[in-house]
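One structure is given here, and the rest of the page talks about it.
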Amino acid sequence: MRQGFVRLGAFVTMCLMVATLAYAQGSVTSTLTGTVLDTSGGAIPGATVVIKNSGTGVTTETVSSSQGTF
């Protein structure tokens, strides 16, 4: 009887671990933030920022804010 509970507990634990790994793979979005600065450390407003996924070749373009952030 006790051995059955141990096996059941191991099975449930394994299922939870596999479910957690499968859930983690479902993410399809990410966030990238930063600040565009000149060589003296000043913010560059209105700078065009292009981000490219080297694996897929997909690019995304944005413009930095008045504080240089994107």
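The values are calculated or read from the model by the stated rules, or taken from the named source; none is laboratory data. Computed from a predicted model, the values in this text were never measured in an experiment. Methodologically, a virtual Cβ is constructed for each residue, glycine included, from the backbone with ideal geometry; neighbour enumeration extends over all protein chains shown. Side chains included, ligands, DNA and RNA excluded: accessible areas come from the protein's heavy atoms. Shrake-Rupley method; radii C 1.70, N 1.55, O 1.52, S 1.80 Å.
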(request) Name the residue, out of G9, G57, G4, that is in a helix (DSSP H, G or I), open to solvent by less than 100 Å² (accessible area, probe 1.4 Å) and at pLDDT 70 or above. (result) G9
(request) Give the residues of the stretch 15-48 that are modelled with pLDDT under 65 and assigned to a loop (DSSP other than H, G, I, E, B), sorted by residue number. (result) Q25, G26, S27
(message) I need every pair where a residue in the stretch 53-70 that is farther than 25 Å from G41 by Cα has its Cβ under 6 Å from the Cβ of a residue that is of a type in the set (F, W, Y), sequence separation at least 6 or different chains.
(response) none
